[in-house]
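Every number here is computed from the coordinates shown, using simple stated rules; none is lab data. Being a predicted model, the structure only gives us computed values, none of them experimental. Note: ideal-geometry Cβ built from the backbone for every residue, glycine included; neighbour counts use all protein chains shown.
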Amino acid sequence: MSGRCSSRPRSPPCTVKPSPIIALNRAIALAELHGPRVGLDALETIAGHEILEGYHHYPAALGELHLRLGEVEIAASFFARAIAITSSPAERRLLERKLKECKIPHRT
């Protein structure tokens, strides 16, 4: 993470250089505060960033928010994409459980 922080009293809070990953985290926070549609709207602003292509948390977040809206087919496609690009067995198991929540079988 790039940015600056000061440990001096009464200094401004930490600043963080904007990035698609930070925007992803912000979108998730917005979804928790204001609902999945607000989170999806925020995620639309970072769609297409190259850094997110291999980052499984992006399609996983999209899948989760669509699932919360009851859009299970769309959610399933995002969970399947996240499964395909993660290298973590634990993350894969979690995503496979989320995919099962969509009641659509995963095709490998």
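For this structure, a couple of remarks:
- Rounded to the nearest whole Hz, the Karplus-based 3J(HN,Hα) values (6.51 cos²θ - 1.76 cosθ + 1.60, θ = phi - 60°) of segment 71-86 follow the sequence 8, 5, 5, 5, 4, 4, 5, 6, 5, 4, 5, 4, 4, 5, 10, 7, with x at glycine and proline.
- Most tightly packed first, judged by the mean number of other beta-carbon atoms within 10 Å of their residues, the peptides 64-76, 26-38 read 64-76, 26-38.
- Backbone phi angles across segment 58-66, fed through the Karplus curve with coefficients 6.51, -1.76 and 1.60 (θ = phi - 60°), yield HN-Hα couplings of 5, x, 5, 5, 4, x, 4, 5, 5 Hz in residue order; Gly and Pro are listed as x.
- Placing a pseudo-label 7 Å from each Cα along the Cα-to-Cβ vector at Ile22 and Ser88 gives an inter-label distance of 2.2 nm.
- Here the simple spin-label model places points 7 Å from the Cα toward Cβ, and for Leu33 and His57 these points are separated by 1.8 nm.
- Viscosity 1.002 mPa s, 20 °C: Kirkwood-radius Stokes-Einstein D of segment 36-108 over Cα pairs, µm²/s: 176 µm²/s
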